[in-house]
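The values are calculated or read from the model by the stated rules, or taken from the named source; none is laboratory data. Since the model is a prediction, treat every value here as computed from it, not as a measurement. Every residue, glycine among them, receives a Cβ derived from its backbone with ideal geometry; neighbour counts consider all protein chains shown. The accessibility values were calculated without ligands, DNA or RNA, using every heavy atom of the protein model including side chains. Shrake-Rupley method; radii C 1.70, N 1.55, O 1.52, S 1.80 Å.
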Amino acid sequence: CCPNDSRTHKRNKKTQLHTMTRIKPKHMFRIFTFTCFFSSYIAQHTVPNIAYPLSTSSRWIVDENGQRVKLACVNWPSHFQPVVAEGLSKQPVDAVAKKIVEMGFNCVRYIVGFKTNNPSMIDISLIEAFKMVVTTLGNNDVMVILDNHLTKPGWCCANDDGNGFFGDQFFDPTVWTAALRKMAATFDGVFNVVGMSLRNELRGPKQNVNDWFKYMQQGAEAVHSANKNVLVILSGLNFDADLSFVRSRPVNLSFTRKLVFELHWYAFSDGNLWATSNPNDICGRVLKRLGNRGNFLLNKGLPLFLSEFGIDQRGGNANDNRYLGCLSGWAAENDVDWSLWALTGSYYLREGVVGMIEYYGPGPKTDAFNLVFHPLTGLCLVRSLNDKTMLTLGPATDRKTRSR
């Protein structure tokens, strides 16, 4: 179920575009797991051999030589009141960057206490601190996608938080467009800044298709006029769960080969259906809806970036656990670019709580093991002790089947 060739950039183009080994769809959702989904990228993506800048070729993101570049990202929040990348009170920024690489990610979706470990950040402006993190990630060969998450810092998101749609209390489209242009210009020529996500999770009572086209196209033009190197990433409506409106009305831009669409998908987007209903039935229903709301873009030759997904890492959330197999199978079958929520294990300050734990992040380590069962054969997934990127089938009694 995992890629079996880490030489992604050395294969011919046709093979590069299909990095996932295919298996029969009716079994795919049962055997894919977080371990398989991520461990396969460690060898492929930690040492990128990429000719910048990036652009698009049909539904694929490619480098300057036309070679496929698959985004395997993790979200790094810095959108709370401190407006500084989370976690720098616990680890030096370079150590965090190296850990990102070690975990197998090649990219950070960077969402816009550190005195002990990062003294050089004291008494410098917020933008300089932001730039320092970007530079350090670049020094470690990590690509960066700049994400405009909120206007007023805080936890995201709610329909009535004033940040949701153009014209809301904290969302002036004129100011937003100017800020996008300024940020794009600031990072023009910074090789590892490969994309800009114009706005996170548009939502609320004011959202409508006509204003989406008007302002998102203006924002895209502003970014490209200031920085022609970056990918321009557009989110949809309803908390970035719906892009159906671009099926019949294409985005009209003055430039080409830079446009990417993004989509978010969490278990809680479907309420508690995964825990209370047959997961196979729910998976079929949700995937049909996903096809109508976003997956159709791939068939139209447009890149689709799953820029947020994740699960409660403690393992006790049945809703999350059942959704994960469906998501992983879909992501593998469609070979999508993705970004996991989230890198952070805790926050400086979230919703008035200092040090709140992010259970969708790394969280506290446990000694628990998961057995991943393949019902067709009665065997379990076996992870090689010599090559942790390789998975096969083996007896459940074998210690190698245990995946932390």
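Checked against the criterion of being at pLDDT below 95 and either touching an Asp or Glu at 6+ places or on another chain (Cβ under 6 Å) or not aliphatic (A, V, I, L, M) (or both), the candidates G189, G204, G162, G195 yield just one match: G162. Taken over segment 57-78, residues that are assigned to a strand (DSSP E or B), closer than 17 Å to L304 by Cα and open to solvent by less than 10 Å² (accessible area, probe 1.4 Å) amount to 7.
Any idea which residue in segment 224-251 is surrounded by the fewest Cβ atoms within 10 Å (Cβ to Cβ), counting only those that are within 20 Å of K206 (Cα to Cα) and out of contact with any helix residue (DSSP H, G or I) (no Cβ under 8 Å at 6 or more places or on another chain)? Within segment 224-251, the match that is surrounded by the fewest Cβ atoms within 10 Å (Cβ to Cβ) is N238. When you check E221 against the structure, is it of a type in the set (D, E, K, R), surrounded by 13 or more Cβ atoms within 10 Å (Cβ to Cβ) and within 23 Å of the chain's Cα centre (by Cα), yes or no? Taking the combined requirement at face value, the residue does not satisfy it. Mind checking which residues of segment 315-333 are in contact with a helix residue (DSSP H, G or I) (Cβ under 6 Å, 6 or more places away or on another chain) and either open to solvent by 20 Å² or more (accessible area, probe 1.4 Å) or not in a helix (DSSP H, G or I) (or both)? Result: A318, R322.
K182 falls short on exactly one of the conditions (1) of a type outside the set (A, V, I, L, M, F, W, C); (2) open to solvent by less than 50 Å² (accessible area, probe 1.4 Å); (3) more than 26 Å from K70 (Cβ to Cβ); (4) touching a helix residue (DSSP H, G or I) at 6+ places or on another chain (Cβ under 8 Å), and that condition is (2). Would you point out which residue out of F213, F239, F245, F171 is in a loop (DSSP other than H, G, I, E, B) and modelled with pLDDT of 95 or more? The conditions single out F239. Answer with yes or no whether D337 is among the acidic types (D, E) and either buried (at least 20 other Cβ atoms within 10 Å of the Cβ) or under 24 Å from R109 (Cβ atoms) (or both). The answer is yes for D337. Would you please name the residue that is modelled with the highest pLDDT, looking only at residues in segment 111-147 that are loosely packed, with under 14 Cβ neighbours inside 10 Å and assigned to a loop (DSSP other than H, G, I, E, B)? Step by step, filter segment 111-147, then rank; the result is S125. Only one entry in S269, S254 is hydroxyl-bearing (S, T, Y) and loosely packed, with under 15 Cβ neighbours inside 10 Å, namely S254. Condition check for P205 on (1) crowded, with 17+ Cβ neighbours inside 10 Å; (2) over 23 Å from the mean Cα position of the chain (by Cα): one failure, at (1).
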